Each structure stands twice: as structure tokens, then as C-alpha cells.
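FYI, it's all coordinate maths here, none of it is from the lab. In this text the structure is predicted, and so the values were computed from the model without any measurement. As a convention, Cβ positions derive from the backbone with ideal geometry for all residues, glycine included, and neighbour counts pool all protein chains shown.
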Amino acid sequence: MWRFAQRFTSRGRLERTTSIRSIPLMALLGRRLSDQEVFDVADRLVERARANDEKTIPEVDLAIEITVVTDSLPTTRDIDRVRDVVTNLGVPVRRRVPQPS
């Protein structure tokens, strides 16, 4: 992705021109959870659910926990990744909106 963005922003420039002007483009890309952060978030949620003797975790709790880590709104991809790990740890996630079967 970085290489594509770099080629896209440097089109039409001389070869000797520095690419320092293309660095702000990276700021536009959203923050995504790393694999380790996904597991950390899932572990915290599962531990909290088991400590409170809850059978399921609301999806909004996933979104809040991701927001705490990333300081931005969570992407649906990050929510899906955390949901998959939480479900694999044995605690189902209650969706906000019922999904069609």
C-alpha cells in the first residue's frame, strides 16, 4: 500500500525530488489494530465478561474497547477480527442489529 501511495504522489516529479511531501498522505490512512492488539482487546473483554458472570458480550463493548486502543472510531474489519477471537475464546458476541440468516 505504501509503495502504491508513494508512486501515486510522485508521478510527474523529477527523480531527484525528495518524497518527504508524500509523508502526510500516510496520516490519512486509518489506524488499524495489530494482531497482538486484537488478542489483547479480546482477552480483556472475555476476562471482564467471565468476572461479571455474563454469558455474552455486546458488540458495542467491542467497539468501545477498540476506540480506547486506537483513539478513533473502529472499522468494521477490526470489529469483525475482535469478534472472531472473542467467539473462539468461548464467549458469543451479541450483535447490535440482527444479521439475516
Taking a crude spin-label model, label points 7 Å out from Cα along the C-beta direction, the Asp53 to Arg95 distance in nm is 3.0
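Of all the Cα-Cα pairs you can form in the range 32-101, what percent are over 16 Å apart? Spell out each step's value before the answer.
Details: 964 of 2415 pairs.
For the range 32-101, the share of Cα pairs beyond 16 Å comes to 40 percent.
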